[in-house]
Amino acid sequence: AGFIGSPAMNLLTLPVHDGSMRLGGADIPLPRAVGSGVETVTAGIRPESLELAPTGTENGVSLIVELVEELGADALVHAAIQDDPNTPRVVMRVDGRTPPVLAQTITATLRHPEEIHLFDSTTGERLD
């Protein structure tokens, strides 16, 4: 899943607690297909599945912009998760007319939680 598409899918190993996975400050419910004994999952999130949201949005993820690639109608924002500096960077696709700026703190949300692809963190097998 990590090498198909441009830009590649964000692959994040996330902790699981009480039927949700934790991404930065956001709790994302897991589908029933994920068993109750799972402690971590690898979440595959496409850059276009993330969207900018107003700061302070409930269940949003605070990001610090590290790079903006302006591509005309679109821009790719490379950002670090503010609440978890150990998580790999994420890439999101935003409107190229009004992209965020370097070092800006932004909030991202998922367009639709069902757009997340889940993988077993140990075997790499798809869970959903």
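Can you tell me which of THR107, THR40, THR55 moves the most in a GNM of the chain? Springs connect C-alpha atoms under 10 Å apart.
Most flexible of the set in this elastic network: THR55.
Just checking my list (1) -0.59, -1.16, -1.37; (2) -0.93, -1.25, -1.28; (3) -0.53, -1.02, -1.22 against log10 I(q)/I(0) by the Debye sum over Cα atoms at q = 0.14, 0.20, 0.22 Å⁻¹ computed from this structure; which label fits?
(1)
Can you list the HN-Hα couplings for segment 56-65, worked out from phi with the Karplus curve (6.51, -1.76, 1.60; θ = phi - 60°), rounded to whole Hz and with x for Gly and Pro?
x, 4, 4, 6, x, 10, 7, 10, 10, 5
By how many nm would the segment from GLU69 to SER20 grow when fully extended, if each residue of separation counts as 0.36 nm and the alpha-carbon distance is taken off?
Details: separation 49, 0.36 × 49 = 17.64 nm, distance 3.19 nm.
Stretched out fully, the GLU69 to SER20 stretch lengthens by 14.4 nm.
Between THR87 and SER36, take the C-beta separation as r, use R0 = 22 Å, and let me know the FRET efficiency to the nearest 0.05. Don't skip to the answer; put the middle values down first.
Numbers: r = 24 Å, r/R0 = 1.08.
Calculated value: 0.40.
Give me the percent of the accessible area of the chain that comes from carbon and sulfur atoms, probe 1.4 Å, all protein chains in place. Spell out each step's value before the answer.
On the way: 3690 of 7310 Å².
Carbon and sulfur together cover 50 percent of it.
Determine how large the accessible area of SER6 is when every protein chain is in place; take a 1.4 Å probe and give Å² rounded to the nearest 10.
Only protein atoms counted, so the area is about 110 Å².
Can you tell me the dipole magnitude for the chain around its Cα centre, using point charges on the Cβ only (Lys, Arg +1; Asp, Glu -1), in Debye to the nearest 20? Walk me through the numbers before you get to the answer.
Numbers: 8 positive and 18 negative charges, 22 e Å.
Once rounded to the nearest 20, the dipole reads 100 debye.
Grab the Cα-Cα distance for HIS112 and THR57, subtract it from 0.36 nm times how many residues apart they are, and report the gain in nm with one decimal. All intermediate terms of the calculation are to be shown ahead of the outcome.
Details: separation 55, 0.36 × 55 = 19.80 nm, distance 1.51 nm.
Between HIS112 and THR57, full extension yields 18.3 nm more.
Please work out the Cα center distance from segment 11-71 to segment 77-128, rounded to the nearest Å.
6 Å
The values are calculated or read from the model by the stated rules, or taken from the named source; none is laboratory data. Model, not experiment: these values are computed from the prediction. For neighbour counting, all protein chains shown are included, and Cβ atoms are generated from backbone atoms with ideal geometry for every residue, glycine included. These area figures cover heavy atoms from the full protein model, side chains too; ligands, DNA and RNA do not enter into them. Shrake-Rupley method; radii C 1.70, N 1.55, O 1.52, S 1.80 Å.
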